[in-house]
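Below: the structure, in C-alpha cells.
None of the figures in this text is laboratory data; all of them are computed from the coordinates on show. Since the structure is predicted, the reported quantities are computational estimates derived from the model, not experimental observations. Cβ sites come from the backbone with ideal geometry, for glycine too, and all protein chains shown count toward neighbours.
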Amino acid sequence: SRIQQEKLLQQSSTLYVGNLSYYTTEEQIYELFSKCGDLKRVVMGLDKFKRTPCGFCFVEYVERLSAVNAVRYINGTRLDDRVVRTDWDAGFKEGRQFGRG
Amino acid sequence: KRRKVTESSEEIERRLESLICRVGEKSSSSLESNLEGLATVLEADLPNFKSQILQILVLCSYQLPEKCSIYTTLVGLLNVRNYNCGGEFVEMMLRELKRLISTNQFDYARYMVQFLSDLVNCNLVTPTSLISLYNIFISVTRQDSLQSRKDWYVYAVLSSLPWAGSALSEKHSVEVATLFDNIRKYIVRRDKSHQEFLRVWSTDDPHPQEEYLDCLFAQVCKLREDGWIEDVIIRPYRAFPVLANALQHDLPDFVVPPYIAEASLYPIPQVIFRMFDYTDCPEGPLIPGNHAIERWLIEEQLRNTVRHFKELIKKRRCADQTSSGFSWPREKRFPLNHNDFPVYPMVMYTAVFIELCKLQPSMIPQVLAIASDMLYERLDTMNITCTDRFVNWFSQHLSNFQFRWSWDDWSDCLSCDPASPKPKFIKEVLEKSMRLSYHKRICDAVPQDFAALVPVEPKIEFKYDFKLGPDHSQEERAAYNASQRVITAIKTKCKEDELIIMLEDIHQEESNIDGSTFSLPRLEVFLQSLLFLAQKSFSHSFSAIFKFHKVLKWAGDGEEGKVAILGITKDVWKNHPQMMGVLVDKMIRMQVVDCASVAKWIFSPNMADDFTRLYVWEIMHSTIRKMNKHVIKIEAELGEMRSKAQVSEKKSEDEEDDLMNTYNIFAPNQDDLQRMQDQLETANGEQKKLFLIIFQRFIMILSDHLVRCDAGHTNFNTPWYRNAIQRLQEIFLLHKDTVKKYMSTMENLLFTMDLDTRILSVFKQFLSVAN
C-alpha cells in the first residue's frame, strides 16, 4: 500500500539512479557514490533482452545518512557528461534490474 | 472552498514561527517596517502565546546567527512594548546557554553570547551585567583546566566584542581595559605547539599561518584602537529611536558548567587558513587586511552560509546566498582547512562550486581557475591532508566540465623529482579522474608529454598468464598446473569442500606449528585463480569471495595468512587501486581479513612502492573508521540491553503480577549482559591493537629512515619523509577522539623519551591539540 511504501522510503538507504550513459560502468558508479559513504552494493540496470546496461542502477548504502547526502550533493552533478538523477527507492528486489530496453 | 474563520492554536504557532523565521529575508518593503509590523503582531499574540514566541526567538538567536542583529532589534522592540517579556527572554536565554555548553554545542553557545552582547545595543541588557558575564568567562582562564576549555571561553568573549565593544567602551572604558588586560595575560602564556600540527602550509610565505586565538585577539585589539568602527555588521536598531528609552534588564547570574572528563568535548584549536590578500585582486573593493576585523566577520558570514547550505539542502538557494554574499569578488574560501574535516562531506563543497559555476558563469569558473593555480604553485609546502582534498575536489570538478583544463600551464611538474608534491598531485588527479571516467578519455584529455603521469590501464596481472615452456622451473610448472586445475574446478561449479580437498592435494606440506592451515603457495594459486576468473567487474569479484568464503578463510588462516591474502590481492590488482579499495572493504566485512592485518599489510614490503599514494591512506582511514563504528555499535547494544534489564528489575520489585513475571523471562539476564560485555571488551581490545600496530609501524619505518640518513650523512628531510610524518599526524588528527582513549598506553609503550625527537614531537604536538 501507499503508506507502507512511504514508510519504507523513510527508512531506505537505497537510491534509484537514472539518466546514466549506457557506457557508464559499475566501477564509475562506485567511485562517485562512495564519496558519500560506504556502499553495500550497486546493481546495474540491464536491458531485458540484451542484458546490457541501459542507463540506470540501484545504489545501496550501509548507512541511510550517506544516501541522504548523495541526494543532496550528487543528484544534479555530472558523470560521463550526463546529469545524474537520484530518487529514493524502497529497496532493491531481484528482477528489478531489468529495464524495458 | 470556504476560508476557515478561526485558526487552531497549532496553526497560529506555525504561522508565528514562519513569520519570525522569515523576517529579514528579501521583501518588497523595508526591513524597518517589517520589524515594526512583526513586533506589533507578536505583541498582540503575547498574552496567549508568550512562551511559544519566546521559545522561537531563543532558537533563532543561535540557529540563525547571520540575522543576529535583526532579532536583537525585534526583541528590543518587544521589550519596549512589554517589559516583563524582555526579562523572561533573558532568563530563558541564559538557561539555554548553560544547556548548550553542557551538551558540547559550542558554536551555538558562542552565537548566543554574541546575541546577548548585541542586546546591549537595543537597551535590553545593562552593559555592567554583560561585563560581569564576560569576566566570569575570562575567569575560567585562571582555573586549573584544559587549554581547549579556556580557549573556548576567551574566543566566545572576543567574538562578541565586535557587536558590543563600542557600547561598553562608551561608559565603562576602565572595565573594558581590565578585560583586555586579562585576555592578553592569557593569550601570551598559552601553549601553541599545535600550530605546527594544524597549519595548511609549512611556510609563512606569502601568507602568515596564524593561530586562531592570536589572530582574533589582534583583530579585536585593532578594532578597539580604531574606535570600534567596522562596516560589516548591519545594525537595524539604529533606525529605532524608541529603543533609546527602553528599560534594561540585568543578565541573571551565570555559573560556568564544570568540565566533565570524557564527556566535555571542547573544540580543538585552529590555524587560520589564508590564501589571498589584497594584492591578489587589484581591481574592485580591497580585501581587508589580516588583522582587520572585517576579515573575520566576512569569514564568519561565509561559514554561516555554508552551514545553511547543509541544513537547508536547497542547493540553489545557498549557492545564491554565497555568490551574493561576496562583497570581495575574489575572496574565496577553499574547502581545505583540515579542521573542518568531520563537519561536512567533501562532496558538499564540490556541489556548491558546481552550482556557483552555473549561477555565475562569467565569474566563478575564472575565480576557481586562479585559486587552483595558486594552490598548485604552493603544493610543495602544503599539508598532505589538504593536498588530498584538493585532488578529490579538482578531479570531481573536472569530471563535471569535460576534463577541460590548461594542463600546459602546469608542465613545470614534468621536470620535477617524481616523488615531489607537484607531479604526485597531477598523478593522483589523473588517477581519480580516470576512476570517474575511463583510461582512454584521460589519455586524450592531457597533452602528450604528460603521458608519464597518466595512470596505467587498470588491468589484471595474473601470475599464471603464460604458456608453459622448457625454461620454466619445476616450481613454476607445478603452480601453473595447479592453477589450471583450480580454474577448471571452479568453472565446473565444484563445491567448496571439494576444492579444499583438491588444494590439500596440491600442496602437501608439514602442518604449521600453530595448527594453522595457511600455506603461501597454496593460497597464492587459489586466490590468483579465483580473482582471475572473477575479473570482469566488482560484482563478479564480490560474488567469487562470497561463494568461496570458506576456502579463502581456510587457505588464508591465521594472522600471517590474512596479510598474505591482502598481498596476493595487491599483486593481482596492482594496476587497479580502486579495485583494491573495494576488495579490502568487502574482505573486512566478510571477515576474511581483519583491521589489524590491513594495517600490517600497508606497512609491509609488499606496499613499500605505494606507501605515499593516496589510495593506500584511503584504505587505512576507512579501515579505522570501520573498526570505530564496530565498537560504537556494540556499546550502543550493550547500553540498550542494560536499560531493558533495569526495567525488568524495577518491575519485578514493584509488582508481582503474572505480566511482569512473563516479561522477565524474555528480558536480558546477567548471562546476556556478560556476553555483550565480553563482546565489547573484545572489540575494544581489537581497536587498541589496531592503533598500537599503526603507531608502532610508523615509529619503525620513520626511525629506520632517520638512522639510515644520519649514518649516510644524507638529508633526512626527503619528500618520502615529509609524506610519512604527515600521514602519522593525519592518523592522530582524523581519529583524535578514539586515539585519546589510548594516550597513556602510547606514552608508556611507544612514544617514550628515548625516541628520536623528530618523531616524538608529533606526539607532543598532538597532546597540545587534544588538551
Here the relative contact order (percent) of chain B, from C-alpha pairs under 8 Å and at least 6 apart, is 10 percent
With a 21 Å threshold on alpha-carbon distance, the violating pairs from B:LYS629/B:LYS741; A:LYS7/B:LYS629; B:LYS689/B:LYS740 are A:LYS7/B:LYS629
Here the equivalent ellipsoid of region B:414-562, derived from its Cα gyration tensor, has semi-axes (largest first, whole Å) of 38, 18, 17
Sorted on mean Cβ neighbours within 10 Å (highest first), peptides B:120-131, B:570-581 come out as B:120-131, B:570-581
So the angle from the long Cα axis of helix B:474-491 to the longest Cα principal axis of chain B, reported in degrees to the nearest 10, equals 60 degrees
Phi-derived 3J(HN,Hα) across region A:7-22 with the Karplus relation (6.51, -1.76, 1.60, θ = phi - 60°), rounded Hz, x for Gly and Pro, is 4, 4, 4, 5, 9, 5, 10, 10, 10, 8, 10, x, 6, 8, 6, 5
For region B:17-22, in residue order, the Karplus 3J(HN,Hα) values (coefficients 6.51, -1.76, 1.60; θ = phi - 60°; whole Hz; Gly and Pro = x) are 4, 5, 4, 5, 5, 8
Partner shielding of B:136-147, taken as the mean number of other chain Cβ atoms within 10 Å, equals 0
Tilt, helix B:384-400 to longest principal axis of chain B (alpha-carbon atoms), in degrees rounded to tens, equals 90 degrees
Rounded to the nearest Å, the spacing of the alpha-carbon centers of region A:74-96 and region B:581-611 is 30 Å
Over the protein assembly as shown, the sum of -39500 (n - 2.57) across DSSP H runs of at least four, divided by residue number and rounded to 500 deg cm²/dmol, gives at 222 nm -20000 deg cm²/dmol
Surpassing 25 Å at the alpha-carbon level, of the pairs A:LYS50/B:LYS536; B:LYS432/B:LYS562; B:LYS495/B:LYS562; A:LYS35/B:LYS459; B:LYS467/B:LYS600, are B:LYS432/B:LYS562; B:LYS467/B:LYS600
Taking Cα pairs closer than 8 Å and at least 6 residues apart, the relative contact order of region B:439-598 in percent is 27 percent
Counting only residues 5 or more apart in sequence or on a different chain, those whose built amide H sits under 5 Å from that of A:LEU79 are A:VAL84
The rounded separation in angstrom of the Cα centers of region B:476-503 and region B:680-709 is 38 Å
With DSSP loop assignment and no more than 11 other C-beta atoms within 10 Å, the chymotrypsin sites (Phe, Trp or Tyr not before Pro) in region A:38-73 are A:PHE49
Low-density loop trypsin sites (Lys or Arg not before Pro), region B:513-551, at most 16 other Cβ within 10 Å, DSSP non-H/G/I/E/B, are B:LYS536
Most exposed to least, judged by fewest other Cβ atoms within 10 Å, B:TYR464, B:TYR134 sort to B:TYR464, B:TYR134
Computed over chain B: longest principal axis from alpha-carbon atoms vs helix B:558-572 long axis, angle to nearest 10 degrees, is 90 degrees
Looks like region B:64-187, by Cα gyration tensor root eigenvalues a ≥ b ≥ c and the a/c under 1.5 rounded cutoff (else prolate when a/b is bigger than b/c, oblate otherwise), is oblate
Kirkwood radius from Cα pairs of the protein assembly as shown plugged into Stokes-Einstein at 20 °C, 1.002 mPa s, gives D in µm²/s equal to 69 µm²/s
A correct Karplus calculation of ³J(HN,Hα) over region B:146-163, with 6.51 cos²θ - 1.76 cosθ + 1.60, θ = phi - 60°, whole Hz and x for Gly and Pro, returns 5, 5, 4, 5, 4, 3, 4, 5, 5, 4, 4, 5, 4, 6, 8, 4, x, 7
Each residue of A:69-76 has, on average, a number of other protein chain C-beta atoms within 10 Å of its C-beta equal to 6
Between the alpha carbon centres of region B:55-116 and region B:235-256 the gap in Å comes to 12 Å
Under the rule rounded for a/c under 1.5, else prolate if a/b exceeds b/c, else oblate, using alpha carbon gyration tensor axes a ≥ b ≥ c, chain A is classed as oblate
By the C-alpha gyration tensor axes a ≥ b ≥ c (rounded if a/c is under 1.5, else prolate when a/b exceeds b/c, else oblate), the shape of region B:6-97 is rounded
